[in-house]
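Chemist: This is the structure I have questions about; it appears just below.
The values are calculated or read from the model by the stated rules, or taken from the named source; none is laboratory data. Predicted model, so just to flag it, every value in this text is computed and none were measured. Every residue, glycine as well, gets a Cβ built from its backbone with ideal geometry; the counts of neighbours run over all protein chains shown.
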Amino acid sequence: MDSNKRKEAPNASGENKGAKRSKGGSGGKWQTPHQKTKIAASRGHGTIGPGDIGIWATCARNQEGRATTELKSLLYQYAEKFYGIAAQPDESDDDDEVDIEASIRKEAAAMGEKNGKPKMFSPVRLDIECVLFFKTQPPIDPVDFVRRICEDIISSGTRSTRYINRLTPMALMGKATEKGLSELASTVLREHFQLAELETPSGNGEKEADESTPKPPRHSYAIRPTIRNHNSLKRDVVIKQVASLIGDTHSVNLTKPDKVILIEIYQTVCGMSVVGGDWETLKRYNLSELYQPRPKVGAAAEAGAGAGGTRAVDSPKKEAVSATGASTATDSLEPSK
């Protein structure tokens, strides 16, 4: 054994001094505790609970911080355009270097406004990759708001986002239990459908609508559930339970429905909204796809034929969602459900 060789003493953390230092989430840049706190705050805080409304968003992997900043800017941009609501720039616009003095001034101003109006858009920090959630406040209607954003992107042809993929509006959030799902569905769906509970048995055993209740138009529908970080409610159970609440005057259409029922389940909360049949035309509200140039009619038809096309299915209510309801290629970076 060579006596000239010396063992390298471990440092306080038990690692060798020569070990390579991990860059962590700061891209290798040194950050003060204050900077780290500011960056964490910009990515969201708080929780999602029953009664909340808001917008889910998917984003590129490992870009949640930048995507949060980008989406917040986009939402305020369109809030001002559609509702005349000015932005409230009270957080850092990026997660690189932070001006500490400017941050302190912003924090002091924000503390003075805590007793005022709630923020129009508030990000919620999630423990899941590639997914964001922003709470919204009236007069913002998430369903109408997101649809108008998509329509404006198509009409303008201008790309203003880099990290955001799909937006999914939530008209209302409830508890992710069978009872909570039923209560949520009854509240959200009654504005768009004749509910089964409002139908009364006729003399021949068939159901007829209660004449005392205004009748919504007869809509065809499809149900599109998404489940993340949740093991209690299963996809088939969710579809069957929601479909059972809708009256028989409405029919299932998996190819060209008049209405699409979007359901998002995450941990202990469940959200729901009803969007129009143009949801498919608007690329399921996937902003990254809306920016892409549309193929020619002949090319699109040929591509559809090559993929086997979409087959019309007359299925029972429990199958009110197509087998092709999985995420598209642009959401391939999202975590598995």
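Chemist: What's the number of the condition Glu334 fails, among (1) at pLDDT 95 or above; (2) of a type in the set (Asp, Glu); (3) not in a helix (DSSP H, G or I)?
Modeler: The number of the failed condition is (1).
Chemist: Ile140 - would you say it is modelled with pLDDT of 95 or more and either assigned to a loop (DSSP other than H, G, I, E, B) or surrounded by fewer than 15 Cβ atoms within 10 Å (Cβ to Cβ) (or both)?
Modeler: The answer is yes for Ile140.
Chemist: Considering only the stretch 154-195, state which residues are assigned to a helix (DSSP H, G or I), at pLDDT below 95 and not polar (S, T, N, Q).
Modeler: Step one: list which residues in the stretch 154-195 are assigned to a helix (DSSP H, G or I), which gives 154-156, 178-189.
Right, trim to at pLDDT below 95 and you get 154-156.
Scanning the stretch 154-195 gives a single hit, Ile154.
Chemist: Go through (1) at pLDDT below 95; (2) assigned to a helix (DSSP H, G or I) for Ser212 and report which single condition fails.
Modeler: With respect to (1) at pLDDT below 95; (2) assigned to a helix (DSSP H, G or I), Ser212 is out only on (2).
Chemist: Also, I was wondering about something else. What's the number of the only condition in (1) within 14 Å of Arg147 (Cα to Cα); (2) at pLDDT 95 or above that Leu290 fails to meet?
Modeler: (2)
Chemist: Next up: Going by the conditions given, is Thr249 over 30 Å from Leu74 (Cα atoms), assigned to a loop (DSSP other than H, G, I, E, B), more than 15 Å from the chain's Cα centre (by Cα) and at pLDDT 60 or above?
Modeler: The answer is yes for Thr249.
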